[in-house]
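Enquirer: Below: one structure in structure tokens.
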Amino acid sequence: MTSRERVTKLINKTLTDSFCISTGGMPNDGMSVYAYSKLLEHLGITDSIPKVYDLFQYIPILDIRVTDALGGDFVHAERPRFRFNYHVRGWKEGHLDDGTPVLFPGEFAPEPDGKGGEIVHMDGMVYARRPKNGLYFDIVAKPLADVEEISELKLIHPAVYMSKEDVDWTVKEIEDLYAQTDKAIVLLIGGQHMEQGQRDFGFENFYCNLLEEPELMHAYFRMITDSYLDAIERILSRCAGKVSVVWFCDDLGTQDSLQMSLPVFREMIKPYKKEMFDLIHQKFKGTAVLFHSCGAVFDAIPDFLEMGVDMLNPVQISARGMDPQRLKDTYGKDLIFWGGGISTQSMKPSDRVEDLVREAEKNLEIFSKNGNYVFTQVHNFQADTQPEKILEIFRMAKEKRRSME
């Protein structure tokens, strides 16, 4: 059974005696480029330079040989301007702070911040900053912070309409991945409302506006939703069933609770999510909706199901109420869990490999019972994760799947 065949069975709810595996199938189940470069070295892959496509998190595209080594069933296709509006056209050479050679998007042109770090501009403003020896970029701009009238609203990347050139680029990427691999393809759409609003208005203004300026925020969410509906329609209508999964992202949870009450979520956010997910289910049948939402989201899962979520990631088992057995018992028949294999939030360099493997195996046994499961870790492996740990965790998963199939 090929990966693509396995994922098709998963989506059709007929993969009841096995499970899928993902590693780098989306921006939330891969690894820091620092950890990845060490993994490449450990695997003896010396002819592959990491391509950092997600500049915000410093996440690389995985070499297909790494995906195979870890048993992955998925690859992803993304917009050519995935972060900060930089096009990946013509990857260019660069290096990490420790000297490791990498490739960055061709238009990536950070400037020194005068403190040993670097800044990036977007739309004529200083948009993000990475401090000296920092592992991520921090978004520092609030482009809509002072907006009070609907007429002042505007779309900020990535919630912008795609050019024909960029749609063509994404479609070709999908076609190439379909022809060159046997993996299921995940299309990275994003479709953020909450996180886009937090970036655009600033956290405090965003939450105040939800309660005090609902008309303004509905107009804002309408604009965002329309841009994403346009992207979904224009890309998927040309891919003739080659995309298995579409990835959306919005973190509703914190470590202990939801970021907003469910009544506010239902009034301000949920209808727009449902509109996007309905388009996929109604017009592109056989394509699953994958929703990434960190934190303690147990109480929101019924709403996710009503929105049309087929797959939930990252299954943050360290958050309140997110016990694996409780999740599986309550929603295991209705929802495909994607993640929850092992908590990267609590992983330390001093952890013993055998202890991590034992924990991952326990979670795998719970989530994979009767199917509806994609094994992977809870969010990306961080920069200090040793390659031996990554390999052993996924070796266990591969062996378990082999014994089941």
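Taken together, the values in this text are just the output of simple stated rules run on the coordinates, not laboratory data. Predicted model, so just to flag it, every value in this text is computed and none were measured. For neighbour counting, all protein chains shown are included, and Cβ atoms are generated from backbone atoms with ideal geometry for every residue, glycine included.
Enquirer: So, with +1 on the Cβ of K and R and -1 on the Cβ of D and E, and no other charges, what is the size of the charge dipole of the chain about its Cα centre, to the nearest 20 debye?
Expert: The calculated dipole for the chain is roughly 1180 debye.
Enquirer: Find how much the distance from residue 121 to residue 318 grows on full extension, using 0.36 nm per residue of separation minus their present alpha carbon separation; answer in nm with one decimal.
Expert: That works out to 67.4 nm of additional length.
Enquirer: Whole angstrom only: what separates the Cα centroid of segment 185-203 from the Cα centroid of segment 344-405?
Expert: Cα centres, segment 185-203 to segment 344-405: 28 Å.
Enquirer: Then there is this: If R0 is 45 Å, what FRET efficiency do you get for residue 47 and residue 285 from their C-beta distance, rounded to 0.05?
Expert: Efficiency, rounded to the nearest 0.05: 0.65.
Enquirer: Checking the table 183/389; 9/328; 13/51; 51/132; 285/389 against a 28 Å threshold on Cα-Cα, which pairs fail?
Expert: 13/51; 285/389
Enquirer: For residue 223 paired with residue 165, estimate the spin-label separation in nm (one decimal), with each label point 7 Å from Cα along the Cα-to-Cβ line.
Expert: Each label point lies 7 Å from its Cα, and together they span 2.4 nm.
Enquirer: Label point 7 Å out from residue 68 along Cα-to-Cβ: which residues of segment 12-30 have amide N under 19 Å?
Expert: Backbone N within reach: 21-25.
Enquirer: Run the numbers for residue 113 and residue 333: contour at 0.36 nm per residue of separation, minus the present Cα-Cα distance, in nm.
Expert: That works out to 74.1 nm of additional length.
Enquirer: With the crude spin-label approximation of a point 7 Å out along Cα→Cβ, what separation in nm comes out for residue 92 versus residue 135?
Expert: With each label point 7 Å from Cα toward Cβ, the separation is 2.7 nm.
Enquirer: Same structure, new question: How many percent of DSSP beta bridges within the chain run antiparallel, rounded to 5?
Expert: About 40 percent, rounded to the nearest 5.
Enquirer: Which percentage, to the nearest 5, of the DSSP beta bridges contained in segment 169-298 is antiparallel?
Expert: Bridges in segment 169-298 are about 10 percent antiparallel.
Enquirer: On a full-extension model of 0.36 nm per residue, what is the gain between residue 404 and residue 346, subtracting their alpha-carbon distance, rounded to one decimal in nm?
Expert: Length difference between fully extended and current span is 17.9 nm.
Enquirer: Next question, about the same structure. For segment 99-144, which trypsin sites (Lys or Arg not before Pro) are both in a DSSP coil and crowded by at most 16 other Cβ atoms within 10 Å?
Expert: The qualifying sites are 115, 132.
Enquirer: Still on this structure: If you put +1 on each Lys and Arg Cβ and -1 on each Asp and Glu Cβ, how big is the dipole of segment 196-275 around its Cα centre, in Debye rounded to 20?
Expert: Value, rounded to 20: 540 debye.
Enquirer: Would you calculate, for the chain, the mean residue ellipticity at 222 nm contributed by helices, counting each DSSP H stretch of 4 or more residues as -39,500 (n - 2.57) and dividing by all residues, to the nearest 500?
Expert: Here the helix-only value at 222 nm equals -12000 deg cm²/dmol.
Enquirer: Can you find, among 316, 252, 119, the residue sitting farthest towards the positive end of the charge dipole of the chain, where Lys and Arg contribute +1 and Asp and Glu -1 at Cβ?
Expert: Looking along the dipole axis, the top candidate is 316.
Enquirer: Under a point spin-label approximation (7 Å from Cα along Cα-to-Cβ), what is the residue 388-residue 267 distance to one decimal in nm?
Expert: 5.6 nm
Enquirer: Please say if segment 68-183 is rounded, prolate or oblate, where rounded means a/c under 1.5 for a ≥ b ≥ c the square roots of the C-alpha gyration tensor eigenvalues, and otherwise the choice is prolate for a/b larger than b/c and oblate otherwise?
Expert: Because a/c hits 1.5 or more and a/b fails to exceed b/c, segment 68-183 counts as oblate.
Enquirer: Is the shape of the chain best called rounded, prolate or oblate, per the rule: a/c under 1.5 gives rounded, else a/b larger than b/c gives prolate, else oblate, with a ≥ b ≥ c the square roots of the Cα gyration tensor eigenvalues?
Expert: rounded
Enquirer: Can you classify segment 338-379 as rounded, prolate or oblate using the Cα gyration tensor, where a ≥ b ≥ c are the square roots of its eigenvalues, rounded means a/c under 1.5, and otherwise it's prolate if a/b beats b/c and oblate if not?
Expert: Oblate, because a/c is 1.5 or more while a/b does not exceed b/c.
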